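Please treat every number below as a calculation from the coordinates, not as lab data. The model shown is predicted, which means the values in this text are computed figures rather than measured ones. Here the Cβ is made from the backbone with ideal geometry for all residues, glycine too, and neighbour counts use every protein chain on show.
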Amino acid sequence: MYLVSLRLFVVTLFFYGASSLAEIELPDLGNPSDIYLSKMDEPAIGRSYFRSLRAQQQVVEDPLLAEYIQNLGEKLSSKVQSGDFDFNYFFVPQNSINAFAMPGGYIGIHTGLCVNADNESQLASVLAHEISHVTQRHISRQIGDQVPNSIQGGLVLLGAILLGAATGSPELVEAGAFAAPAIMTQGQIDFTREMEIEADAIGIKTLGLSNYDPYAMADFFNKLSTGEDPRNAASTEFLRTHPTSVNRSASAKKQARNMVVETVEESLGFELTKNRIRFLDSKLPEKTLDYFENKTQSLNLNSNLSNKSIGDLYGLALISIELGLLEKAENILEKLILQNSDYAHFHIAYMELLIKKGQTNRGITYIKGKRLNLSPRNVPLTLAYAEAELNYGNPKQSHEILLDLFNTIPPSPSQIRLIANSANQAGDFADSFSYMAEYYLSIGGFEQAREQLKVALSFESLSKVQTAKFIARLNEIEEYIDEMNRQRR
């Protein structure tokens, strides 16, 4: 079955051509943000820059981390919007403390911010602040102050930006970025003081509605502003992009005092995420081992452990597996699984432990059973199972389970490459090339996608169904390339 969930990224741009400027129907002047950038335009720009970040390996692709930050973001954004924006949350692999919002609801959180947050409420407060920048159309409103004064000039500029977004042309995107720096790179978005205060106010309300500590935003800003070492480079970037003041912090606290919130226990997922980031970012495994051993040396595995202690033990188990301390890791994971069997983190780590011990069949059987018991289409568990089958078991089974998953859940580019690899190893060569076409489409490589589909169509063993699907997809791509070439002329 074909990857129907992947669709060619097409944005209609015809009305932005210079020859049709006089025919432009302007939006309602009562909504000034729409004069320069409509809600339909914003996702095109956001997708383009998100795709660019991925190409630069500035998006964390780890399934467990990606699932956590997306779920946390959706919990917050569901309280302040009713489907106007399709939010996408992601981690950026940077140790610095920062976060940013891009057009269309793309929100990036540096991994360093998560690691330095004291609790989930502080992390949620930053997400809620960035969500507010999106829902209040702050990015679009800023364009009105920074693009050319002429509305027509602004529309020509946005036409170039959107054309670059649609075609993946770095030259057009760079041209747009040069002309309108306020919207094109997160480091250059310069929100006004009023916008920042508005984002604070709505963000604090969002925290309360989501049962998080409404004081967390002021606490986090104060932590960065008055940390133990004011020269701390990690917090400098956040303070530069989110300038704070005594009055602003006091205002946030005042608003929090006026809220009655029934807070709930914060999720274990936050502590697991923090320590998974610490493990993945580890450059010196032995030092990371020392860190987690110091954190856990006084813990009793048979006692009632706090979320923080469980997170530290999880980190210790991961680094122990990497360093070959398998008995230590096994003792920890068996206890954690017994007490917290709903978390995929522990089951995936236990599978990795079994494989490291040379018990690959047992590892595959274990993760397959947990995948089916917890959730047949749980993304991290299914990907772990598929990779295990690909590397140690049955590549054809890997291909089939990934196909089932991706026809339900849109895959990331790295996941598309995984199914292409599975199909190739399974001997499903035509499918493998068709998946690689989808991979190139997902990163804006339309010409490469066309060539991959031509190769897929060259196989004599194609079924009639495959042939029809590949030809239809190839025609779709070629029509799109032709249209973009006409637009450039």
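Once you order the gyration tensor axes a ≥ b ≥ c over the Cα atoms, which shape class does the range 361-443 get: rounded for a/c under 1.5, otherwise prolate or oblate by comparing a/b with b/c? It is oblate, given that a/c is not under 1.5 and a/b is not larger than b/c. When each of the peptides 399-410, 293-304 is scored by the mean number of other C-beta atoms lying within 10 Å of its residues, the order from highest to lowest reads 399-410, 293-304. Computed from label points 7 Å out along Cα-Cβ, the spacing between N95 and Q57 is 1.7 nm. Too long at a 24 Å Cα-Cα cut-off: which of K283/K370; K223/K274; K79/K223; K75/K328; K223/K335? Checking Cα-Cα distances, K283/K370; K79/K223; K75/K328; K223/K335 exceed 24 Å. Peptides 326-338, 425-437, 276-288, 60-72 ordered by packing proxy, namely the average of other Cβ atoms within 10 Å per residue, highest first: 425-437, 60-72, 326-338, 276-288.
For a straight C-alpha distance cut-off of 17 angstrom, the lysines reachable from K396 (same-chain residues fewer than eight places away being disregarded) are K368. Modelled spin labels at M259 and E478, positioned 7 Å past Cα toward Cβ, are 5.6 nm from each other. Protection proxy ranking of 465-471, 94-100, 316-322, by the mean of other Cβ atoms within 10 Å over each peptide's residues and highest first, is 316-322, 94-100, 465-471.
Can you spot the lysines whose alpha carbon is less than 20 Å from K454's alpha carbon? Ignore those fewer than 8 places along the same chain. Within reach: K464, K469. Of the trypsin sites (Lys or Arg not before Pro) found in the range 369-454, the ones in coil according to DSSP and having at most 15 other Cβ atoms within 10 Å of their Cβ are R377.
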